[in-house]
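One structure is given below, encoded as C-alpha cells.
Readers should treat all values here as calculations from the given coordinates under stated rules, not as data from a laboratory. On a predicted model such as this, the values are computed, not experimentally measured, just so you know. Methodologically, a virtual Cβ is constructed for each residue, glycine included, from the backbone with ideal geometry; neighbour enumeration extends over all protein chains shown.
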Amino acid sequence: MKCSKCGAPIEDGQVYCPVCGEEVQLVPDFYSSTSVTNTQKKKEQKLKEQQEQERRRKQEEAAHRKKLQDRKRRKKILITILSLCLIAVVILALKYYQDQKNLNSFDYQMNKAEVAYTNNAYDDALEFVNRAISLSGSDLDALILRAQIYVQGGDEAKAISEYEKIIQLNPDHTMAYGALIKLYEADGTPDKIKDLLDNCNSDKIKEAYAEYICKVPSFSINSGSYNSEQSLELRASSSNDIVYYTTDGSTPDRLSKKYTKPINLTEGTTNIKAISINEKGIKSNVIEGTFTVTLPAPDAPKITPVSGTFTTDMTDTLIYIIVPEGCTAYYAFDKEAPTKDDTLYTEPVAMPEGEHTFSAILIDKDGKVSKASTATYTLTDTEK
C-alpha cells in the first residue's frame, strides 16, 4: 500500500504514513493511477488554499500589528514632540527670565562690556557699558571704561567729555587727570591743560603732573617808583622756559615780544606783563609790575661872581657857570629864565656895562631843566 499523499509505501496495519504523517486510507488496488493523482492534486490544492489562508491571516495580523505599532510610534512621536515643545517653552521662558535678569544686572553688563573691549569689539562694548551706566547712574568704573572705548574707537571728543565728567564727580581721580591731559596734549590744546590744573585743588594731583605746570617768571626788581633809569630782567623758573612780555597793558601770549635781554625802564610809568611757556607749550600765569621812573631835574646852576657892582678896571669881570658832568648850560641877560633856545654856555661870559641881570639854567642828558639861577651885575667904566 502507498500513501495517498506522498506515495510512500505503507506496511499493512499502519494507520498513518511514516513519511508525511497523513492518515492512511485504504485504497483498493483496482483504483487507477489517475484517480490517485487527482485525489493527491485535490489535497495539494486544499493544502495550498489552507496555506494561502494562513499566509493572508498572518499578513492581516502583521498589518494589524504594524498599524498598532505605527499608531504607537505616532503617539510616541507626538508625545516626544509635545515634550520637546514643552521643554523648549520652558527653556525659552528661563532664557527670557535670565535675559531680563541680565539686562537689568549692572555686573553682567559690565562683564560683557569688558570682554568685548578686550576682544576689540568696541561697538558691542559701548552698547553693554551704556546699558550698565543706565542702570548705575554714574559709576566711575563704567564711565572710565566708556571713555577708554571712545578713545579706542577714535572718538576723542567724546572721550574728553567723559573724562571731564569723571573729574567733576571725583576731583581727586589721578588716572582721569592723566588720561585727560594726554588727550588735550594730543589735541594740541595746552591751554586746556593749564586751565585743568589751575582749577585743581589737589596737591597730590598737581605733584603727579608737575611737568605740565609752568611757573611764572620773576622780576629782578620790585614794582614801584624810581628816581633813575632801571634795567629790568625777566627770569624764567626753568632754563627751558621761554618768556614773553608786553609793555602796553595787554595780556602776553605766544605772539608777544620774546624776552632776550634786560628791559631799560626810562622816565615815565611802564606796565610790564610777562608769562613763561614751557617745553610742552603750557603757559604760566601772568606776572605784572608797574614801574615809575621820575628823573630829578638838575639843581640850579652856580654862578660866579655873585651879584654886585664892578668897574672895568677890575682884574676879572667875567661871569662863570659851574656845569656838572652830563649837563649843558644856557644863559641870557635880563630874562627871567632862559631856555635851550638861548645862548649855549661854552666859556666865561663878559659882563656888559651897566646894570644887567644874568640868568642861567642847566639841562641834563635826559632833558631835565633846572630852575634858573640869577645874578645882577652893575659894571661901570672907571674913566667916566
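Which of [x] 22.4; [y] 35.0; [z] 26.6 is the computed Kirkwood radius over Cα pairs in Å for the structure on display? Looking at Kirkwood radius over Cα pairs in Å for this model, the match is [y].
The packing ranking, built from the mean of other Cβ atoms within 10 Å per residue, places the peptides 182-190, 342-350 in the order 182-190, 342-350, highest first. Positive-end ranking of 296, 199, 319 along the dipole of the chain, with charges on Cβ about the Cα centre, is headed by 199.
If you take all other residues with their beta carbon under 13 Å from the beta carbon of residue 147, and give Lys and Arg +1 and Asp and Glu -1, the sum is -2.
Rounded to the nearest 20 debye, the dipole magnitude of segment 218-293 is 280 debye, with +1 charges on Lys and Arg beta carbons, -1 on Asp and Glu beta carbons, and the Cα centre as origin.
Listed as lacking a disulfide-compatible partner in the chain: 85, 200, 214, 327, by the criterion of no other cysteine Cβ under 4.7 Å. Evaluate the relative contact order of the chain (contact order divided by residue number), counting alpha-carbon pairs under 8 angstrom at least 6 apart; express in whole percent. That works out to 8 percent. Which of 372, 265, 151 sits closest to the plus end of the dipole of the chain, meaning its Cα is farthest towards the positive end, when Lys and Arg get +1 and Asp and Glu get -1 on the C-beta? Looking along the dipole axis, the top candidate is 151.
Residues 20, 327 in ascending order of nearby Cβ atoms (within 10 Å, fewest first): 20, 327. Counting every C-alpha pair in segment 302-380, the share spaced more than 22 angstrom apart comes to 21%. Each Lys and Arg contributes +1 and each Asp and Glu -1, all at the Cβ; summed about the Cα centre of the chain, the dipole is approximately 6100 debye.
Each of 110, 81, 39 was placed along the dipole of the chain (beta-carbon charges, centred on the mean Cα), and the one lying farthest toward the positive end is 39. Less than 5 angstrom separates the built amide H of residue 371 from those of 300, all sequence-distant by 5 or more or on a different chain. Within the shell defined by Cβ-Cβ distances under 11 Å, the residues around residue 357 carry a net charge of -2, with Lys and Arg each +1 and Asp and Glu each -1. As a proxy for reagent exposure, 213, 361 were ordered by neighbouring Cβ count within 10 angstrom, fewest first; the result is 213, 361. Based on alpha carbons, the Rg and Dmax found for segment 218-293 are 12.2, 41 Å.
Only beta bridges with both residues in the chain are counted; by DSSP, about 85 percent of them are antiparallel.
What's the FRET efficiency of residue 323 with residue 257 using the Cβ-Cβ distance as r and R₀ = 41 Å, to the nearest 0.05?
Details: r = 39 Å, r/R0 = 0.95.
My answer for the efficiency is 0.55.
Top mean-square fluctuation among 42, 66, 165, Gaussian network model of the chain, C-alpha springs under 10 Å? Maximum fluctuation in the GNM of the chain, among the listed residues, is at 42. Count charges around residue 264 for me, please; just the other residues with Cβ under 15 Å from its Cβ, Lys/Arg as +1, Asp/Glu as -1. Local charge sum for residue 264: -1. Each Lys and Arg Cβ is given +1 and each Asp and Glu Cβ -1; about its Cα centre, segment 302-380 then shows a dipole of about 320 debye. Could you please state, rounded to a whole Å, how far the C-alpha centre of segment 274-350 is from the C-alpha centre of segment 185-235? For segment 274-350 versus segment 185-235, the Cα centre distance is 42 Å. Shown is the FRET efficiency for residue 127 and residue 55, computed with R0 = 56 Å from the Cβ-Cβ distance and rounded to the nearest 0.05: 0.20. Label-to-label distance, residue 91 versus residue 46, with points set 7 angstrom from Cα along the beta-carbon direction: 6.6 nm.
Using helices alone, I'd like the mean residue ellipticity at 222 nm for the chain: each DSSP H run of four-plus residues gives -39500 (n - 2.57), total over residue count, nearest 500.
My calculation for the chain gives -14000 deg cm²/dmol from helical runs alone.
The H on the amide N of residue 226, modeled in the peptide plane, is under 5 Å from the matching H of 292, 293, 294, each at least 5 residues off or on a different chain. In degrees, nearest 10, range 0 to 90: what is the angle between the Cα axis of helix 174-187 and the longest Cα principal axis of the chain? Tilt relative to the chain: about 70 degrees.
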